[in-house]
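Reviewing the structure listed below.
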Amino acid sequence: MALLKAGLCTALNNTVLENLRSVGIKTTLDFITKDLEAVAQQASVPYKDLLAIRRVILAQYSGFPLNGAELYDNGVLTMAILSTGCTSIDELLDGGLYTAEVTEVAGSIAAGKTQMCFTSAASVICKTKQNVIFVDTCGSFSAERISIILEENGESEPEQFLSQVRCFTAFDVYELIGALETIRHNKQRQMDPFFESLKLLIVDNVASVIYPILGGPQSDGQSLITIIGQKLKILAVEFSLAVLITNNLVSSEWGGTLSASLGRVWSHVPHTRLVILPHGNKHTAETPERETRREMMIVKSSRGPTNKCCNFIIASSRLSSVR
Amino acid sequence: MSLSKTETGAQFLARLGSRPSMMHIEPAFFGEGLKGKEVIELYGAEGTGKSETLLHFIVRCILPKSWKSVELSGCDAHVIFIDTDYKFSILRLASLLERYILNAVGRARQNSDETDFQCPGSEETENFIKECLKKLYIIRCTSSTQLIITLHSLENIICNNPNISAVMIDSISAFYWIDRYNGGESFAMQEANMRLACEELSKLVNTYNITVFATKQELFKKKKDFERRDREKSTVIQELDFEHQEYMCKSWQKLVTGRLVYKYVEIPGSGRRKFVVSAGPISEIVTFFVEFDEIQFLSNNEKLRL
């Protein structure tokens, strides 16, 4: 909510502002929702001036209507699909991680969530030649592991790619909001060339900063969840970023199936949700010792069919599809 | 002292002029059609097909009645789409349009006896899709105050464009928790912003004969006893519970004239979802699949079978 300030337009000078304050109009919202004819009489400000002020406020503070055809042309130009570095997961996602979308991976402990983040990051920096930001909320980031993945992908000098990844640490929810704001600010300012070619934003793990704020007054926790969800989606849509977040699995209220944590309000945030199924992780006779098989299922999608599954292997350091 | 209301010429014409009818937006949902001045709420949990239905409504709105002798049965209306959830994808809408048009062309070719039926080329179709997309305006809002100011600014847009018949909001409950938190202890403060938005919305609906479609997320759930909990995972439509839990402010409740409640059932074995929509306690249940990028309604006798 913005305060009315002198200088917003020529008609809004200090005397007009004082007059408006005297009838209880302090913010732009107060101004817009009042009947101007009544205000003109009470505050003795010319009706014409009030109309001019109203026009400026409407232009500055309302959402700007975009025409569908223009948005389409723009969408075709900026849209990109980033490979996760694992063919079977790419197929499940209909090509990979889409820009302007939030993709969530939920899985229990050691299911391969962070591995998937590293594999996707490595694929984006070396194949797509774009930059990656990793927001680390639980100390999981490791440049070493990314460089090992790059090496396994056949890069002889993995170190040269690592400047394309930046890591932000955020150990509580306010730091996470701060980090997201910093990214937005830098994207808008267009001063730092790193942010120009930023295409992938990873938050690993979003649940670990949200758990501590749940359990207090209900509206505190839920509103912070809404704000984080909103900020992630705004970053994704406005700057055409692919956003990849990880979440934990919890069993639902009365037992039964496992589902992504953080509850109802959060459930509306991601565009696409993947779950790494717990029963997929067993060593079988034919898999080599250092490989672990996992099964992934797509449980929500705003684009395609759900409930499809795929298999992948966690081999020494990265994910790969089942051969 | 009450002042007589002044009105500009544009407002007068916009109020009296006729806008494209929303009568036949989707017979499967609204059998007798929408009369106008209606506010339809689409209510459901995540992934139950609310936004998908809105996209389907946009397609039906912005397409003309027919194109090159192909029956499209659209409303030929302009639409304002307010995206508060940041989930709207224009590319997805374009592919839905394309699918819809291609299906209609296919049907037209089957029905025509003459062999000289001309299939529109792909370039022609793409230009037509772009032409249709021009009838859509997308506005993104990041806060409830911005939503209010945006709704006020719509009046001008609606006055100047006599073809706008519908405003869609996805979703009306997006700022619910933020408003609750900002409102502090008092209920009146928590609901203040939503009330102002509803006032303005009601003005648009009643003065300019606009139809509003808004999704509302299922943010709360009734505490249920065990017997009812078991039903929650039911795969049989008859056992689904189309209960609706209201949590929005009074002024929104008063505004709503129709409600669609969304649920889905998993089809055993196939991994597919069947979406089930109830349009009220008395009326019938509508079921659909989302397949090949398009909503496919099931006919009456297919409905209750799985």
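The values are calculated or read from the model by the stated rules, or taken from the named source; none is laboratory data. What you see is a predicted model, and the numbers here were worked out from it, not measured in a lab. Methodologically, a virtual Cβ is constructed for each residue, glycine included, from the backbone with ideal geometry; neighbour enumeration extends over all protein chains shown. For the accessible areas, the whole protein counts, side chains as well, though only heavy atoms, and no ligand, DNA or RNA atoms are used. Shrake-Rupley method; radii C 1.70, N 1.55, O 1.52, S 1.80 Å.
Limited to the stretch A:54-77, what total is found for residues that are open to solvent by less than 50 Å² (accessible area, probe 1.4 Å) and in contact with a helix residue (DSSP H, G or I) (Cβ under 7 Å, 6 or more places away or on another chain)?
Total satisfying the criteria: 11.
If you take the residues in the stretch A:194-223 that are within 12 Å of another protein chain (Cβ to nearest Cβ) and open to solvent by 20 Å² or more (accessible area, probe 1.4 Å), which one is nearest to residue A:114 (Cα to Cα)?
So the first thing to find is which residues in the stretch A:194-223 are within 12 Å of another protein chain (Cβ to nearest Cβ), and the list is A:213, A:216-223.
Checking the rest, the ones that are also open to solvent by 20 Å² or more (accessible area, probe 1.4 Å) come to A:213, A:216-220, A:222.
Values: A:213: 23, A:216: 29, A:217: 31, A:218: 30, A:219: 30, A:220: 29, A:222: 26 Å.
For the stretch A:194-223, the residue satisfying everything is A:213.
Return the residue satisfying two criteria in turn: it lies in the stretch A:224-237 and is open to solvent by 10 Å² or more (accessible area, probe 1.4 Å) and β-branched (Val, Ile, Thr), and of such residues it is farthest from residue B:178 (Cα to Cα).
Per the criteria, the residue is A:237.
Show the residue pairs that are 6+ apart or on different chains and have beta-carbon atoms under 7 Å apart, the first residue being within the stretch A:97-114 and at positive phi and not assigned by TED's automatic domain parsing to the domain that holds residue A:229, the second being assigned to a loop (DSSP other than H, G, I, E, B) and at pLDDT 90 or above.
As it stands, the answer is none, since no pair meets every condition given.
Name the residues in the stretch B:38-49 that are more than 15 Å from residue B:265 (Cβ to Cβ), part of a loop (DSSP other than H, G, I, E, B) and modelled with pLDDT of 85 or more, would you?
Initially, the stretch B:38-49 is screened for residues more than 15 Å from residue B:265 (Cβ to Cβ), giving B:38-43, B:46.
Narrowing further to those that are part of a loop (DSSP other than H, G, I, E, B): B:38, B:46.
B:38, the sole residue that qualifies.
Report the residue count in the stretch A:73-93 for those that are outside any helix (DSSP H, G or I) and among the hydrophobic types (A, V, I, L, M, F, W, C).
Number of matching residues: 6.
Output the number of the condition that residue A:7 fails; it satisfies all remaining conditions of (1) touching a helix residue (DSSP H, G or I) at 6+ places or on another chain (Cβ under 8 Å); (2) more than 8 Å from every other protein chain (Cβ to nearest Cβ); (3) surrounded by fewer than 18 Cβ atoms within 10 Å (Cβ to Cβ).
Looking at each condition in turn, residue A:7 falls short on (1).
Among the residues of the stretch B:220-259, how many are open to solvent by less than 60 Å² (accessible area, probe 1.4 Å), at pLDDT 85 or above and under 21 Å from residue B:48 (Cβ atoms)?
6
Given (1) at the interface with another protein chain (Cβ under 9 Å from one of its Cβ atoms); (2) open to solvent by 40 Å² or more (accessible area, probe 1.4 Å), where does residue A:190 come up short, assuming only one miss?
Status for residue A:190: all satisfied but (1).
If the Cβ limit is 6 Å and pairs must be 6+ apart or interchain, which residue in the stretch A:22-51 that is more than 8 Å from chain B (Cβ to nearest Cβ) pairs with which residue that is among the β-branched types (Val, Ile, Thr) and surrounded by fewer than 18 Cβ atoms within 10 Å (Cβ to Cβ)?
Pairs that qualify, where the first residue is more than 8 Å from chain B (Cβ to nearest Cβ) and the partner is among the β-branched types (Val, Ile, Thr) and surrounded by fewer than 18 Cβ atoms within 10 Å (Cβ to Cβ), are A:42/A:23; A:43/A:23.
Whether any residue in the stretch A:179-200 is in a strand (DSSP E or B) and of a type in the set (Asp, Glu) is what I want to check.
No, the stretch A:179-200 has no match at all.
What number goes with the only condition from (1) charged (D, E, K, R); (2) touching a residue at least 60 places away in the same chain (Cβ under 8 Å); (3) within 14 Å of chain A (Cβ to nearest Cβ) that residue B:15 does not pass?
Looking at each condition in turn, residue B:15 falls short on (3).
Give the residues of the stretch A:145-178 that are of a type in the set (Asp, Glu) and under 25 Å from the mean Cα position of the chain (by Cα), sorted by residue number.
A:172, A:175
Among the residues in the stretch B:65-75, are any within 11 Å of chain A (Cβ to nearest Cβ) and not in a loop (DSSP other than H, G, I, E, B)?
As a first pass, look at the stretch B:65-75 and keep what is within 11 Å of chain A (Cβ to nearest Cβ): none.
Within the stretch B:65-75, not a single residue is within 11 Å of chain A (Cβ to nearest Cβ) and not in a loop (DSSP other than H, G, I, E, B).
Taking residue A:203 and the conditions (1) over 30 Å from residue A:164 (Cα atoms); (2) assigned to a strand (DSSP E or B), which numbered condition does it fall short on, given that it satisfies the others?
Going through the list (1) over 30 Å from residue A:164 (Cα atoms); (2) assigned to a strand (DSSP E or B), residue A:203 breaks only (1).
For the stretch B:109-199, please list each of the helices (runs of 4 or more DSSP H) lying entirely inside it that holds at least 2 residues being open to solvent by 40 Å² or more (accessible area, probe 1.4 Å) and in contact (Cβ under 8 Å) with a residue 60 or more places away in the chain.
On the way: elements: B:122-133, B:144-160, B:176-182.
Fully inside the stretch B:109-199 and qualifying: B:144-160.
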